[in-house]
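Student: Let me give you the structure first, and then I'll get to my questions.
Please treat every number below as a calculation from the coordinates, not as lab data. Remember, predicted model here, so these are calculated numbers, not experimental data. Here the Cβ is made from the backbone with ideal geometry for all residues, glycine too, and neighbour counts use every protein chain on show.
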């Protein structure tokens, strides 16, 4: 039996173990993917530390998977060996709940999440259900494609459903793992982009990524600065800081919308009056389904949007995870096989 390496979490809160396992066989309706790269996402903390309901250990995390179809299980006709594919957060749906019957797969009542519901991409080969698989364009580097399957699809999808049209002022709060992609997508969509960061040191990078304006939220009142520009049609809130999000609501234009994608457990504070005057709104946005991933990857290929990454070999998964958690990484950490 052929063997492979995997980086697993033996139990909640434990350190990563590099183990050898049998290469798994795909069942009906599944494919085996030879993993080429897998992004290390902050959400992986839920698998590592045990913050996800019903998680079974040992567990191999990873939901930013780029690779190649290695074998298709019985009944699988749409995927062939050698096809380039990706797997993101959306790891499959039940197809029978009310949301699924409405075609709203992202809100499936029994949603499967890659690297939580089943073993993810921190391994040389992984099994995925066909409903989780996305096509990957030929020209994309797998290490750059990985983060596009979570951070990329989340920012791309939130922006394209935000109601903003080309030439609108769109503000991106935070210039981290999500924000640095959000700025690029927003600029390529034809928006006027204002990047909002803490301190002057991010200004140069923000402009390089495509922002026409940089607002330092430490030195100025960012909401007031947005209003000087006419108000933001959309604020993409990417930094997981509820206070910072709350402080920006007055920067929205009339009919403006704050799209919240940065995960925080504190409340966002907004008064009814702030929303009522000018018909403003606050909306959360989850990532998307594999067809959304395909749109994201194609758009990135066409326009040159790419994540800034640091690569680590699979055997250094623990180091890679620690680097991501430190917040000092070049935005996205990626494991390469």
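Student: Shape of the chain from its Cα gyration tensor (a ≥ b ≥ c, root eigenvalues): rounded if a/c is under 1.5, otherwise prolate when a/b > b/c, or oblate? Present the calculation step by step, with values, prior to reporting the outcome.
Tutor: Numbers: a/c = 1.88, a/b = 1.72, b/c = 1.10.
In terms of gyration-tensor shape, prolate.
Student: Let me ask something else about it. Please list the three semi-axes, largest first and in whole Å, of the ellipsoid equivalent to region 162-284, using sqrt of 5 times the eigenvalues of its alpha carbon gyration tensor.
Tutor: Details: eigenvalues 78, 51, 36 Å².
For region 162-284, the ellipsoid semi-axes come out as 20, 16, 13 Å.
Student: Kirkwood hydrodynamic radius, computed over distinct alpha-carbon pairs, for region 24-66: how many Å, to one decimal? Please report the intermediate quantities before stating the final value.
Tutor: Numbers: mean 1/r = 0.0826 Å⁻¹.
After inverting the pairwise mean of 1/r, the radius is 12.1 Å.
Student: Give me 323, 257 ranked fewest to most by other Cβ atoms within 10 Å of their Cβ, as a rough exposure proxy. If you can, show how the numbers build up before the last one.
Tutor: Numbers: 323 17, 257 21.
Ordered from fewest to most neighbouring Cβ atoms within 10 Å, 323, 257 come out as 323, 257.
Student: Cα-Cα pairs above 18 Å in region 105-233: how many percent? Walk me through the numbers on the way to the answer.
Tutor: Working: 5087 of 8256 pairs.
Here the tail beyond 18 Å accounts for 62 percent of pairs.
Student: In what sequence, highest mean first, do 185-191, 307-313 appear when ranked by Cβ atoms within 10 angstrom?
Tutor: Going from most to least packed, we get 185-191, 307-313.
Student: Work out how much length residue 3 to residue 310 would gain on full extension: take 0.36 nm times their residue separation and subtract the Cα-Cα distance, in nm to one decimal. Working shown, then result.
Tutor: On the way: separation 307, 0.36 × 307 = 110.52 nm, distance 2.72 nm.
Value of the extension gain: 107.8 nm.
Student: Taking the chain as the reference, fit the longest principal axis to its C-alpha atoms, fit the long axis of helix 290-303 to the helix C-alpha atoms, and give the angle between the two in degrees, 0 to 90, nearest 10.
Tutor: 70
Student: Ok, one more. Taking a ≥ b ≥ c as the square roots of the eigenvalues of the Cα gyration tensor of region 11-105, is the shape rounded (a/c under 1.5), prolate (a/b larger than b/c) or oblate? The partial results should precede the final answer.
Tutor: Values: a/c = 1.87, a/b = 1.18, b/c = 1.59.
It is oblate, given that a/c is not under 1.5 and a/b is not larger than b/c.
Student: If you rank 41, 97, 150, 108 by fewest surrounding Cβ atoms within 10 Å, what's the result? Spell out each step's value before the answer.
Tutor: Details: 41 26, 97 16, 150 29, 108 20.
By the 10 Å Cβ count, ascending: 97, 108, 41, 150.
Student: Under 1.5 on a/c is rounded, so check that first for region 90-162, then, if it is not, pick prolate when a/b is larger than b/c and oblate when it is not; a ≥ b ≥ c are the square roots of the alpha carbon gyration tensor eigenvalues. Don't skip to the answer; put the middle values down first.
Tutor: Values: a/c = 2.20, a/b = 1.25, b/c = 1.76.
Oblate, because a/c is 1.5 or more while a/b does not exceed b/c.
Student: Let me ask something else about it. Based on alpha-carbon centroids, what's the gap between region 197-230 and region 171-186 in Å, whole number please?
Tutor: Answer, in whole Å: 12.
Student: Kindly work out what percent of the DSSP beta bridges joining two residues of the chain are antiparallel, to the nearest 5. Don't jump to the answer; show the numbers that get you there.
Tutor: Numbers: 32 of 60 bridges.
About 55 percent, rounded to the nearest 5.
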